[in-house]
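Values in this text are rule-based calculations from the coordinates and carry no lab data. The structure displayed is predicted, hence computed values, not measured ones. In this analysis, Cβ positions are derived from the backbone assuming ideal geometry, glycine residues included, and neighbour counts consider all displayed protein chains.
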Amino acid sequence: MKIVVGCDHAGYDIKDAVIAHIKEKGHDVIDVGTYSTASCHYPVYASAACEKILSGEAELGILICGTGIGMSIAANKHDGIRAACCSDCFSARLTREHNDANMLCFGQRVVGIGLALDLVDAFLDATYANSGNHITRVAMLKDIEEGKL
Ligand code: RB5
C-alpha cells in the first residue's frame, strides 16, 4: 500500500521511526511534513495528508501531533476521511475493521515509540469487514457529510 504520513512539531521526533517501520513492512510512504521541530500548525499537515488520500495517491494515512486529537479533528473535517485517534491497539485494529478508518492519529506526548509502532501495525494489518451493519453505518457517515442525516 501507499501510506501518507504527516506530523506537526510535537510529533516530529517519532515520525522518521514510524516511516522507517512502515517501509520495513513493505509499504511505500509519502511524507507530507513537517520536517523539523519548529513550531507549526497541525491543520496544515492534516489537510496535506487528507488530500493525498482523497486524490487516490495514498490508501491510508498516519498523523502524529502532541495528543493526536488536533490532527484527528482536522482530518475529520474532510469529506471522505475517517480519522481515529487511538492510544490502544484494539481500537487501532477495530477502527479499520468496523469504521473503515483511513487515517490513524496518535500523540507523541501520549504514546512511546514502542506503542506507536504497535498502533501502526494494528491499523495497517487490519482489513475493513465490509459486511452487514458495518456497511450500513459507514454509509451513514457519508450521509452525515451530505447533510442527509
Ligand atoms: C502542539 O503544542 C499541540 O497542541 C498539538 O501538537 C496537538 O497536540 C493538538 O491537538
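Points worth noting:
- Ranked by how many other Cβ atoms sit within 10 Å of their own Cβ, fewest first, the residues Arg96, Arg109 fall in the order Arg109, Arg96.
- Spatially proximal lysines relative to Lys2 (Cα-Cα < 24 Å; intrachain offsets below 8 disregarded): Lys15, Lys23, Lys25, Lys52, Lys77, Lys142
- Nearest-20 debye value, segment 1-113 charge dipole, Cβ charges on Lys, Arg, Asp, Glu: 140 debye
- Kyte-Doolittle at least -0.5, axis length at least 15 Å by Cα - qualifying DSSP helices, the chain: 12-24, 42-54, 113-125, 132-145
- Using the Cβ of Cys85 as centre and a radius below 15 Å, the other residues enclosed give a net charge of +3, where K and R count +1 and D and E count -1.
- Distances between placed amide hydrogens fall under 5 Å for Ile62 paired with Val4, Val5, Gly6, Leu104, all partners being 5 or more residues away or on another chain.
- The mean sequence distance of close C-alpha pairs (under 8 Å, at least 6 residues apart), as a share of the length of segment 9-134, puts its relative contact order at 26 percent.
- Global form of segment 1-71, assessed from the alpha-carbon gyration tensor, a/c cut-off 1.5: oblate
- Only one residue of Leu115, Leu60, Ile81 has its Cα farthest out toward the positive end of the dipole of the chain, where Lys and Arg carry +1 and Asp and Glu -1 on Cβ, and that residue is Ile81.
- Summarising the label geometry, the points placed 7 Å from Cα in the beta-carbon direction at His134 and Glu57 lie 2.9 nm from one another.
- Derived scalar couplings between HN and Hα for segment 59-72 equal 8, 9, x, 10, 10, 10, 10, x, 10, x, 6, x, 4, 5 Hz in order, rounded to whole Hz, by the Karplus curve 6.51 cos²θ - 1.76 cosθ + 1.60 (θ = phi - 60°), x for Gly and Pro.
- When Phe123, Phe90 are sorted by how many other C-beta atoms sit within 10 angstrom of their C-beta, beginning with the fewest, the order is Phe90, Phe123.
- The order of Cys105, Cys40, going from fewest to most other C-beta atoms within 10 Å of their C-beta, is Cys40, Cys105.
- Restricting the trypsin sites (Lys or Arg not before Pro) of segment 3-60 to loop positions (DSSP other than H, G, I, E, B) with no more than 14 neighbouring Cβ atoms within 10 Å leaves Lys25.
- GluC sites (Glu not before Pro) within segment 85-149: DSSP coil, no more than 10 neighbouring Cβ in 10 Å: Glu146
- When shorter helices are ignored and each DSSP H run of at least 4 residues is given -39500 (n - 2.57), the per-residue value for the chain at 222 nm works out to -14000 deg cm²/dmol.
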